[in-house]
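A short write-up of the structure that comes next.
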Amino acid sequence: MSPNASETMPVTGRYRLLGHPTDLEGHLTALGPAPLPSGRQRGWREWFVSVLEASGLAGRGGAGFPAAIKLAVAHAAGPGGTVVVNGMEGEPASDKDKLLLIRAPHLVLDGAQLLAAASGARSVTVAVPQGREHVAAAVLAAMAERARTVHAPVPEEMVRPPDRFIAGEESALAAWFETGRSLPSFRPDKGTALRIGRKGALVQNAETLAHVAMIARTGPDLFRAHGLVEDPGTSLVTISGSVEHPGVVEVDRGTPIIDVANRATPLGPPQALLVGGYGGAWVGPDQFATPYASLSLRAVGATAGVGIVIVLGRDVCGLMETARIVHYLAGQSAGQCGPCVYGLPAIADDVTRLARGHADHGLLARLERRLAQVEGRGACRHPDGAVNVARSALRVFADDVHQHAAGTVCQHWNRGTQLRFPTVLRAAAS
Amino acid sequence: MTVRILIDPVACDAYGYCAELLPEAISLDEWGYPMVDGKALPADLLEIAKRAARDCPRRAITLRERKGGH
């Protein structure tokens, strides 16, 4: 029960992030105002923290870190910081945060205001990459509607970092604020608060913030009515690849991944699913029933952290697609750590040779060794993602691996890709 | 009290002195960057590890003390 329950409108029925009105008036009519504290309302923070804790909300930006713990770390760092709405969405196959910022900007901003009130932050900063003008326009329009109203007790502003894969990694984003360069930092202690200069920064993914805003309105139970006990709620997933209707869907955590893929109507029986984006993992048909949930996906080498499912049709070569992904990830390295700078191109080269049937005798052993050597040795998890997707390809496309390694390439090796890659080259963007 | 070697991969520029001083705990990958075995450092290597940290031209090595055995 909210301490100002008389002011808030109970939201009943099915919990969902998408499908509510976009403009402020419609947003308030449908969902009511966010239960922000009125003045220095006593007991509000304790109430809010208990609701967030009880919800069990885990971050939807990649790492799946509990939102309540992240809030506690930011609060302990002291007041005067900023809540950063991470709308960077650097994964080329992800659209969920763009969609959310366009369709439900007030929900996302409400979530940021709630976390600002609970952490003692004095501003909200929305990060939208350069070039995504339609997203930026939607956010600016929403901010203009809220400015100087009770819905925006702390000021909201927008910043426009360059559009790079790595730019949304939270330490890279914090570094961009300080230095203008999106470089991840080496943080052996992830439990310490991020800082921008001397101020604390609570960085949360746009979808996570939308959940915060919904959960604060509905209470934890409606959120927990979806998903699993250990991994509750709903998730936005972008589905692409060999499907009739690519796009973003909202699914309950725990939904079998093949049912998630089926929401986009695959063009034929999938050869494999890429779950978790370009640093995620291929999952083969024998594991299509795996629940879309952190622990279950981890058990098959994938991740629910990044809401991406890509359907691979049977008419393309999974190894060739993997080579394209690892090349892309190698090009997107921030260029700071040796194992990433030298290891990813070497791994990409090995996978390409394998896919094209140009494997030398020692290739598989060398590739395995390189994967083991690179894993866990970057400041951020970028190289680990490349290792993860390459390893999953060796496992899921094992039959292809042996054929290709013996010099017999599959008939599909030179087909065009079913994956999405940015059309702007890295050289042009930097 | 156990000690673990921590290498900052951003700072490290593959000089390789550490692996030469401490081959028992640090090896180099094929590009010359140090890999730590991740185990607790044997007590008799502590002094050499301190020297490796001090002598690193990039100051990329820290020794982290941990109470308990992990």
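A few remarks follow.
- Close pairs from region B:27-56: first β-branched (Val, Ile, Thr), partner assigned to a strand (DSSP E or B), Cβ under 8 Å, at least 6 apart: B:Val36/B:Arg4; B:Val36/B:Ile5; B:Val36/B:Leu6; B:Val36/B:Ile7; B:Val36/B:Ile26
- Residue in region A:31-41 that is in contact (Cβ under 8 Å) with a residue 12 or more places away in the chain and of a type in the set (Lys, Arg) present: no
- Criterion violated by A:Asp399 - all others in (1) exposed (fewer than 14 other Cβ atoms within 10 Å of the Cβ); (2) of a type in the set (Asp, Glu); (3) in contact with a helix residue (DSSP H, G or I) (Cβ under 8 Å, 6 or more places away or on another chain) satisfied: (3)
- Here A:Pro105 does not qualify as free of Cβ contacts under 8 Å to residues at least 60 places away in the same chain, more than 21 Å from A:Ile166 (Cβ to Cβ) and of a type outside the set (A, V, I, L, M).
- On the stretch given as region A:184-211, residues that are modelled with pLDDT under 85 and within 13 Å of chain B (Cβ to nearest Cβ) total 3.
- Qualifying positions in region A:343-381 - within 10 Å of chain B (Cβ to nearest Cβ) and not in a helix (DSSP H, G or I): A:Gly376, A:Arg377, A:Gly378, A:Ala379, A:Cys380
- Of all residues in region A:45-97, exactly one satisfies the criterion of being over 18 Å from A:Ile166 (Cβ atoms), assigned to a loop (DSSP other than H, G, I, E, B), among the aliphatic types (A, V, I, L, M) and modelled with pLDDT of 95 or more, namely A:Leu57.
- So A:Arg195, is it assigned by TED's automatic domain parsing to the domain that holds A:Ala167, over 19 Å from the mean Cα position of the chain (by Cα), in a strand (DSSP E or B) and within 23 Å of B:Val10 (Cα to Cα): yes
- Residue list for region A:148-178, restricted to those being within 14 Å of another protein chain (Cβ to nearest Cβ) and part of a loop (DSSP other than H, G, I, E, B): A:Glu169
- Filtering region A:222-251 to residues that are in a strand (DSSP E or B) and within 13 Å of A:Leu57 (Cα to Cα) leaves A:Gly227, A:Pro232, A:Thr234, A:Ser235.
- Restricting attention to region A:289-311, the residues being closer than 24 Å to A:Gln403 by Cα and surrounded by fewer than 24 Cβ atoms within 10 Å (Cβ to Cβ) number 2.
- You will find that of A:Val124, A:Val135, the residue that is buried (at least 24 other Cβ atoms within 10 Å of the Cβ) and β-branched (Val, Ile, Thr) is A:Val124 and no other.
- Residue check, A:Ser55 touching a residue at least 24 places away in the same chain (Cβ under 8 Å), within 28 Å of A:Ala138 (Cα to Cα) and hydroxyl-bearing (Ser, Thr, Tyr): no
- Within region A:294-342, being of a type in the set (A, V, I, L, M, F, W, C), away from chain B (no Cβ under 14 Å), touching a residue at least 40 places away in the same chain (Cβ under 8 Å) and not in a helix (DSSP H, G or I) holds for A:Ala302, A:Ala304, A:Val306, A:Ile308, A:Val309, A:Ile310, A:Val311, A:Leu312, A:Val316, A:Cys317.
- Screening region B:1-68 for strands (runs of 3 or more DSSP E) wholly inside it with 2 or more residues that are crowded, with 19+ Cβ neighbours inside 10 Å and either more than 12 Å from chain A (Cβ to nearest Cβ) or on the phi < 0 side of the Ramachandran plot (or both) returns the ranges B:2-7.
- Any hit, region A:271-279, residues being β-branched (Val, Ile, Thr) and buried (at least 22 other Cβ atoms within 10 Å of the Cβ): yes
- For A:Thr265, the conditions (1) at pLDDT below 95; (2) in contact with a strand residue (DSSP E or B) (Cβ under 7 Å, 6 or more places away or on another chain); (3) polar (S, T, N, Q) all hold with the exception of (1).
- Any hit, region A:352-360, residues being at negative phi, surrounded by 22 or more Cβ atoms within 10 Å (Cβ to Cβ), under 28 Å from the mean Cα position of the chain (by Cα) and not aliphatic (A, V, I, L, M): no
- All conditions but one from (1) at pLDDT below 95; (2) outside any loop (DSSP other than H, G, I, E, B); (3) surrounded by fewer than 18 Cβ atoms within 10 Å (Cβ to Cβ) apply to A:Arg181; the one that does not is (2).
The values are calculated or read from the model by the stated rules, or taken from the named source; none is laboratory data. Values in this document were obtained by computation on a predicted structure and should not be read as measured data. Backbone-built Cβ (ideal geometry, glycine too); neighbour counts: all protein chains shown.
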